[in-house]
Amino acid sequence: MEVSNPEISVIVCIYNMQRFLRRSLDSLLHQSMKDFEVLLVDDGSTDESSDICDSYTRSDRRFRYIYKENGGVNDARATGVINAHGRYLCFVDPDDFVEPDYLSKLHHTIEKSGADIVTCGYVEDYDGYSVKRETSIDFFGFWNKIFRKDMLSGLSFPYIPFAEDILVFAQIYDRKPKISHINDILYHWVQNENPARLSLSFNEEKYRKGMKALEDIRNLVADKNVYNEFRVIFTTLYAFKCVVSQIFTPGEFRKEFKGCLGMFLKSRQPARRKLILLTHYTGASKTLCFVRNIYIRHLKRFLRIK
């Protein structure tokens, strides 16, 4: 039996996450706020994820299971948004988890502030240590946020090989949302190594799709009245995502990075803000440390930051 008219719909997009899924769903099960539903969108998992989902749907009527053929995380998100009954939407990645008052504090803030989106502080959980971030500068991730449902209604959730969030958030920010933030650290962003992804090799099809996606992003943010700082970061972030996945050849990446760095340096953002944003996005993955170390030295010289 489904929960009718819940206040919040929490969307969990799942693909072969049996190792972490119970921890994530348990953190939702034990929320202090009770008026919510959880949509378990299974994107064609081939492991035991479906059995785990079934155990939660049988024990708690707030959990709903939706199976779909594999189509990528954006397609799973779109399925969740279409099937959501709540006034507000949250997304929790199946390998992450949240604090018990995650939903209640985000809900209280979005109701009180009249915002369209509320973000919260989070913890980057690595193997053996954690990094707390009270101020969120992650503009693109669906996690650590609550959205008014109309902010996501009618959006296109296109498939691109990597960095799937970017084109969706370009559309969201074009709607000029009011954004609020609370420093409470409520979300645990778990940094898992993914050997399958890191071992991907370059091929022409991925290169073609990656270049097409990058062009789509550029066209979208050029045609839309998107905030300047987001326009700069869209292309910068995507270039770094591409080098992780080896979509670009080294020569093409250098070309893309040079263009993105030029956009960054010409933007109206204060110098220290540029450095913070660039180090945040380049430092998000251990695989990018070598890129960060090389280019941050150059960036400091260009910006005259000691």
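The values are calculated or read from the model by the stated rules, or taken from the named source; none is laboratory data. Here the structure is a predicted model, which means the values were calculated and not measured. Reconstructed Cβ throughout: ideal geometry from the backbone, glycine too, with neighbour counts over all protein chains shown. These area figures cover heavy atoms from the full protein model, side chains too; ligands, DNA and RNA do not enter into them. Shrake-Rupley method; radii C 1.70, N 1.55, O 1.52, S 1.80 Å.
Table: residues versus (1) within 29 Å of Asn16 (Cβ to Cβ); (2) at pLDDT 90 or above.
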site	(1), (2)
Glu99	yes, yes
Thr119	yes, yes
Tyr129	yes, no
Thr135	no, no
Lys149	yes, yes
Asp165	yes, no
Ile172	yes, no
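Of the residues making up region 103-119, those that are buried (at least 18 other Cβ atoms within 10 Å of the Cβ) and part of a loop (DSSP other than H, G, I, E, B) number 2. All told, Ala78 meets the bar of being closer than 22 Å to Asp150 by Cβ, out of contact with any strand residue (DSSP E or B) (no Cβ under 7 Å at 6 or more places or on another chain) and of a type outside the set (S, T, N, Q).
Filtering region 61-97 to residues that are open to solvent by less than 50 Å² (accessible area, probe 1.4 Å), farther than 16 Å from Tyr15 by Cα and either without any contact (Cβ under 8 Å) to a residue 60 or more places away in the chain or in contact with a Pro (Cβ under 8 Å, 6 or more places away or on another chain) (or both) leaves Arg62, Phe63, Gly86.
Considering only residues that are of a type in the set (A, V, I, L, M) and surrounded by fewer than 19 Cβ atoms within 10 Å (Cβ to Cβ), look in region 1-32 and name the one that is modelled with the lowest pLDDT.
It comes out as Met1.
The residues in region 36-47 that are buried (at least 16 other Cβ atoms within 10 Å of the Cβ) and over 15 Å from Tyr65 (Cβ atoms) can be counted, and the count is 1. Between Pro158, Pro100, the distinction of being surrounded by fewer than 22 Cβ atoms within 10 Å (Cβ to Cβ), part of a loop (DSSP other than H, G, I, E, B) and touching a Leu at 6+ places or on another chain (Cβ under 7 Å) belongs to Pro158 only.
Could you go through region 28-45 and let me know if any residue there is farther than 20 Å from Trp189 by Cα, hydrophobic (A, V, I, L, M, F, W, C) and in a loop (DSSP other than H, G, I, E, B). Within region 28-45, one or more residues are farther than 20 Å from Trp189 by Cα, hydrophobic (A, V, I, L, M, F, W, C) and in a loop (DSSP other than H, G, I, E, B). Of the numbered criteria (1) over 22 Å from Ile117 (Cα atoms); (2) touching a strand residue (DSSP E or B) at 6+ places or on another chain (Cβ under 7 Å); (3) in a helix (DSSP H, G or I), the one Gly71 fails is (3).
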